[in-house]
Amino acid sequence: MTPTALIAEDEPLLAQALRAELAAAWPELQIVATVGDGRSAVREALERLPQVLFLDIRMPALDGLGVAAELADAWPVDEAPMPQLVFVTAYDEYAARAFDAQAIDYVLKPVQPDRLRRTVGRLRQALESRSPSLPADDVLASTLVQWRQMLAAAAQGTPSAGAGGPLKLIAASEAGSSGNSVRMVPIDEVQYFEAADKYVRVLTATHEYLIRTPLKQLLPQLDPNVFWQVHRAVVVRSEAIESVHRDDAGKQHLNLRGRTEKIPVSRLYAHLFRAM
């Protein structure tokens, strides 16, 4: 079976260079698509189901880590095993250290032939060692553990805007207001955070506020024993969770105390509620 790959790289010359080096290091590899942004990467990956993804860490609209998080939830595991990941990075030392600790490879820009050949060797071995007799659920569980650990390690290395321990107060504007006034929201009142366009929604039992700090920068400032990430765009207070429900499609949703909306739980974080 011909191995297939997708390249997501927003710099055309670097994408072209990676294709050329891959052609030399892995001639039988078929590049099924080359895209320049994260949203296109998700769309093309789900359509073409490649065996390997080369993802640039920094891309417009959605970065490589975000692409991995979305695909973890949306990948049709009944049609194809989840792909091997290779991240392409120019200067994300924290990310490189995180990937070093996992069974996920990375390539530094500009691409070095010797380093890429080692990556190709690892990819070949990983693809060849896949057991066709292994149940799809076991393959999915194993891959999700690997991806979840990688995303958590990378997030822990993200530079934090805060210092001196977890946040106690959130400076936010009230949703629907002119933004001229700022409310200091005690972190103990927050039920959940949700990324939405250019803002992060801050939801208490009775109010909604907005902040401009991206969720990935906010996460390292939150106490991980108190706030759990349950979706790439949602972080909830664990004590606010009232119940967990699974729908007919097998997807989990949370009900929070004081809120009426249902909170989706992605595949990456479903293990948090397995015993519930």
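Brief remarks follow.
- Dipole check for the stretch 14-53: with +1 at the C-beta of Lys and Arg, -1 at the C-beta of Asp and Glu, and the Cα centre as origin, the magnitude is about 100 Debye.
- Using a cutoff of 8 angstrom between alpha carbon atoms and counting only pairs six or more residues apart, the relative contact order for the stretch 1-69 works out to 42 percent.
- Extension gain for the segment ALA249 to LEU169, taken as residue separation times 0.36 nm less the Cα-Cα distance, is 25.0 nm to one decimal.
- Per the Debye formula on identical point scatterers at the alpha carbon atoms of the stretch 169-273, with no solvent, log10 I(q)/I(0) at q = 0.16, 0.18, 0.20, 0.21 Å⁻¹ is -0.68, -0.85, -1.04, -1.13.
- Measuring between their Cα centroids, the stretch 13-44 and the stretch 244-276 lie 36 Å from each other.
- The charge dipole of the stretch 169-273, taken about the Cα centre with unit charges on the Cβ atoms of Lys, Arg (+1) and Asp, Glu (-1), comes to about 300 debye, rounded to the nearest 20.
- Estimated FRET transfer efficiency (SER238, ALA17; beta-carbon r; R0 35 Å; 0.05): 0.15
- Proximal lysines relative to LYS198, as straight alpha-carbon distance under 16 Å, when same-chain residues fewer than 8 apart are discounted: LYS216
- Straight-line cross-link partners of LYS262 among the lysines, defined as a Cα under 17 Å from its Cα and at least 8 positions apart when in the same chain: LYS251.
- Taking other residues whose beta carbon is less than 13 angstrom from the beta carbon of VAL182, and scoring Lys, Arg as +1 and Asp, Glu as -1, yields +1.
- Protection proxy ranking of 225-233, 16-24, by the mean of other Cβ atoms within 10 Å over each peptide's residues and highest first, is 225-233, 16-24.
Every read-out reported here was derived from the displayed coordinates using simple, explicitly stated rules and does not represent laboratory data. Since the model is a prediction, treat every value here as computed from it, not as a measurement. Note that each Cβ is placed from the backbone with ideal geometry, even for glycine, and that neighbours are counted across all protein chains shown.
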